[in-house]
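Engineer: Quick one: this structure, given as structure tokens, is what I'll be asking you about.
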């Protein structure tokens with residue numbers, strides 16, 4: 001048994017059972033959006049929503065603007081949102097009109113109900129700018145500071161191929177889960193990727209003696225951030241496995257692990273020893289990396305490994321329906337874990353998810369969301385799919401960039 005598997009086994013047998021998670025959930029403070037205002041965002045010139053903290057259902061035809069609303073909510077948390085769009089690309093084309101008046105740039109403003117009381121959050125840009133501005137209670141802030149008040153996790157139709165795509169999508173998914181517990185993780189990932197790009201550029205230009213010191217400095221940064229990233233991912237996998245292995249009714253149990261050079265080295269060595277080993281590997285691989293334009297070793301090559309517990313089968317070998325159920329189980333497990341450990345239930349943004357689940361799993365999903373008290377934002381084209389949520393959620397019809405309460 002590897003050290004990583006041993007950590008998972010220990011976590012699963014610790015006296016921190018699902019009962020403890022359920023008790024913590026009962027004492028949690030769900031984060032919810034109480035008002036949302038969009039200006040010049042995607043297909044919306046101006047749009048306002050008044051909310052009461054319950055789940056939100058958005059139904060309407062494809063292209064009406066449902067996913068755009070979810071994307072706006074995702075930008076209340078750190079990062080580039082559920083589409084990973086460039087800031088300038090979020091701006092509405094031809095936003096000026098006789099009815100709405102002139103609109104310059106885009107903006108998303110919200111009132112959030114949090115454990116510390118209501119918080120006013122705003123984010124946006126100046127027209128044509130790729131610089132995103134954040135304000136909290138009217139004061140300038142950073143994206144990282146948003147994590148003090150809100151955490152959001154999402155599922156989109158594009159993620160249905162998560163277990164079949166390349167490893168980069170799975171790393172982004174895992175990193176998003178880590179952000180909810182360790183906001184500084186985002187900064188480490190950004191710094192690691194920048195240092196990696198800078199190193200590749202120096203190697204491509206031909207590293208002479210004058211560049212040796214610069215390469216040493218870059219590789220020291222890469223090694224330092226890389227080990228921290230690997231450790232955070234391993235820790236997240238172990239904690240997530242403890243909850244996800246149980247499953248949720250018709251949603252299967254899942255085991256979670258991370259594979260990669262640094263993760264393997266951390267199984268048997270200290271962080272300091274692994275950092276030294278990583279730095280030495282970068283130095284040795286300079287000639288080869290100069291040719292390939294990347295780095296042969298590092299956390300940018302790690303992968304998230306998920307297995308179906310009952311079938312003891314890797315996720316990528318499961319059926320399409322089972323893969324979607326596994327993904328939903330991971331998201332629900334992460335939300336429960338975040339609720340238990342931080343006392344804050346995150347926002348859940350579920351784009352076109354219910355329509356792709358069978359009736360049993362759909363009802364189980366609705367029940368789980370209601371039990372957690374999470375403000376889940378769900379979209380779909382057929383309002384009948386959400387019939388069980390009548391009276392338990394706020395339901396809106398979205399048509400031609402106009403939102404009306406049902």
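Engineer: When residue 38 is evaluated against the numbered criteria (1) modelled with pLDDT of 95 or more; (2) touching a strand residue (DSSP E or B) at 6+ places or on another chain (Cβ under 6 Å); (3) under 30 Å from residue 191 (Cα atoms), which criterion, by number, is the only one it fails?
Structural biologist: (3)
Engineer: Another question about this same structure. Residue 335: crowded, with 24+ Cβ neighbours inside 10 Å and either over 25 Å from the mean Cα position of the chain (by Cα) or more than 22 Å from residue 38 (Cβ to Cβ) (or both), yes or no?
Structural biologist: Numbers: crowded, with 24+ Cβ neighbours inside 10 Å: yes; either over 25 Å from the mean Cα position of the chain (by Cα) or more than 22 Å from residue 38 (Cβ to Cβ) (or both): yes.
Yes.
Engineer: Here's something else I'd like to know. Looking at the stretch 151-170, which of the residues that are outside any strand (DSSP E or B) and touching a strand residue (DSSP E or B) at 6+ places or on another chain (Cβ under 6 Å) is surrounded by the fewest Cβ atoms within 10 Å (Cβ to Cβ)? Steps first, please.
Structural biologist: Step one: filter the stretch 151-170 for residues outside any strand (DSSP E or B), giving 151, 156-170.
With the extra rule that they be touching a strand residue (DSSP E or B) at 6+ places or on another chain (Cβ under 6 Å), the set shrinks to 167, 170.
On the way: 167: 15, 170: 20.
Result: 167.
Engineer: Here is a further query. Among the residues of the stretch 233-242, write down those that are within 15 Å of residue 260 (Cβ to Cβ) and surrounded by 22 or more Cβ atoms within 10 Å (Cβ to Cβ).
Structural biologist: Listed by number, the residues that qualify are 233, 234, 236, 237.
Engineer: Still on this structure, I have one more. Would you check if there is a residue in the stretch 259-272 being under 22 Å from the mean Cα position of the chain (by Cα), surrounded by fewer than 19 Cβ atoms within 10 Å (Cβ to Cβ) and within 30 Å of residue 353 (Cβ to Cβ)?
Structural biologist: Initially, the stretch 259-272 is screened for residues under 22 Å from the mean Cα position of the chain (by Cα), giving 259-260, 263.
Restricting the remaining residues to those that are surrounded by fewer than 19 Cβ atoms within 10 Å (Cβ to Cβ) gives 259.
Remaining after also requiring within 30 Å of residue 353 (Cβ to Cβ): 259.
Yes.
Engineer: Any residue at all in the stretch 88-108 that is in contact with a helix residue (DSSP H, G or I) (Cβ under 6 Å, 6 or more places away or on another chain), at pLDDT 95 or above, under 19 Å from residue 147 (Cα atoms) and not assigned by TED's automatic domain parsing to the domain that holds residue 179?
Structural biologist: Looking for residues that are in contact with a helix residue (DSSP H, G or I) (Cβ under 6 Å, 6 or more places away or on another chain), at pLDDT 95 or above, under 19 Å from residue 147 (Cα atoms) and not assigned by TED's automatic domain parsing to the domain that holds residue 179, one finds at least one in the stretch 88-108, hence yes.
Engineer: Here's another thing I want to ask about it. Among the strands (runs of 3 or more DSSP E) confined wholly to the stretch 364-406, which include 1 or more residues that are in the same structural domain as residue 112 (by TED's automatic domain parsing) and either surrounded by fewer than 20 Cβ atoms within 10 Å (Cβ to Cβ) or without any contact (Cβ under 8 Å) to a residue 40 or more places away in the chain (or both)? Let's see the steps before the verdict.
Structural biologist: Numbers: elements: 376-380, 393-399, 402-405.
The strands (runs of 3 or more DSSP E) meeting that bar are 393-399, 402-405.
Engineer: When the residues of the stretch 239-291 are filtered to those that are touching a strand residue (DSSP E or B) at 6+ places or on another chain (Cβ under 8 Å) and in a helix (DSSP H, G or I), which remaining residue is farthest from residue 226 (Cα to Cα)? Don't jump to the end; show me each part of the working.
Structural biologist: Step one: filter the stretch 239-291 for residues touching a strand residue (DSSP E or B) at 6+ places or on another chain (Cβ under 8 Å), giving 240-241, 244-245, 247, 252-260.
With in a helix (DSSP H, G or I) added as a condition, the list becomes 240-241, 244.
On the way: 240: 21, 241: 22, 244: 26 Å.
By that ranking, first place goes to 244.
Engineer: Contact list please: Cβ distance under 6 Å, first residue in the stretch 316-327 and assigned by TED's automatic domain parsing to the domain that holds residue 252 and closer than 15 Å to residue 249 by Cα, second residue modelled with pLDDT of 95 or more and part of a helix (DSSP H, G or I), pairs at least six apart or on different chains.
Structural biologist: Partner pairs satisfying both residue conditions: 326/315.
Engineer: Among the numbered criteria (1) modelled with pLDDT under 95; (2) out of contact with any helix residue (DSSP H, G or I) (no Cβ under 8 Å at 6 or more places or on another chain); (3) surrounded by fewer than 21 Cβ atoms within 10 Å (Cβ to Cβ); (4) closer than 30 Å to residue 373 by Cβ, which single criterion is violated by residue 48?
Structural biologist: Failed condition: (1).
Engineer: Do we find that residue 225 is surrounded by fewer than 17 Cβ atoms within 10 Å (Cβ to Cβ), within 26 Å of the chain's Cα centre (by Cα), in contact (Cβ under 8 Å) with a residue 24 or more places away in the chain and farther than 30 Å from residue 361 by Cα in this structure? It would help to see each step written out before you state the result.
Structural biologist: On the way: surrounded by fewer than 17 Cβ atoms within 10 Å (Cβ to Cβ): no; within 26 Å of the chain's Cα centre (by Cα): yes; in contact (Cβ under 8 Å) with a residue 24 or more places away in the chain: yes; farther than 30 Å from residue 361 by Cα: yes.
Spelling it out, it is not the case that residue 225 is surrounded by fewer than 17 Cβ atoms within 10 Å (Cβ to Cβ), within 26 Å of the chain's Cα centre (by Cα), in contact (Cβ under 8 Å) with a residue 24 or more places away in the chain and farther than 30 Å from residue 361 by Cα.
Engineer: I've got another one for you. Only one of 213, 253, 249, 206 is within 27 Å of residue 346 (Cα to Cα) and at pLDDT below 90; which?
Structural biologist: Working: 213 fails: within 27 Å of residue 346 (Cα to Cα); 253 fails: at pLDDT below 90; 206 fails: within 27 Å of residue 346 (Cα to Cα).
Of the residues listed, the single one that is within 27 Å of residue 346 (Cα to Cα) and at pLDDT below 90 is 249.
Engineer: Do you know which of the residues in the stretch 136-150 that are touching a strand residue (DSSP E or B) at 6+ places or on another chain (Cβ under 8 Å) and part of a helix (DSSP H, G or I) is surrounded by the fewest Cβ atoms within 10 Å (Cβ to Cβ)?
Structural biologist: Step one: of the stretch 136-150, the residues touching a strand residue (DSSP E or B) at 6+ places or on another chain (Cβ under 8 Å) are 136-138, 140-143, 145-146, 149-150.
Retained after the next criterion (residues that are part of a helix (DSSP H, G or I)): 143, 145-146.
Numbers: 143: 18, 145: 15, 146: 23.
In this case the residue turns out to be 145.
Engineer: From 177, 218, which residue is under 30 Å from residue 319 (Cβ atoms) and assigned to a helix (DSSP H, G or I)? Walk me through how you get there before you give the answer.
Structural biologist: Numbers: 218 fails: under 30 Å from residue 319 (Cβ atoms).
Checking each option against the conditions leaves just 177.
Engineer: For the stretch 318-326, does any single residue satisfy the condition of being surrounded by 20 or more Cβ atoms within 10 Å (Cβ to Cβ), touching a helix residue (DSSP H, G or I) at 6+ places or on another chain (Cβ under 6 Å) and farther than 17 Å from residue 305 by Cα?
Structural biologist: Looking through the stretch 318-326, none of the residues is surrounded by 20 or more Cβ atoms within 10 Å (Cβ to Cβ), touching a helix residue (DSSP H, G or I) at 6+ places or on another chain (Cβ under 6 Å) and farther than 17 Å from residue 305 by Cα.
The values are calculated or read from the model by the stated rules, or taken from the named source; none is laboratory data. Everything numeric here is computed off the predicted structure, so don't read it as measured data. For neighbour counting, all protein chains shown are included, and Cβ atoms are generated from backbone atoms with ideal geometry for every residue, glycine included.
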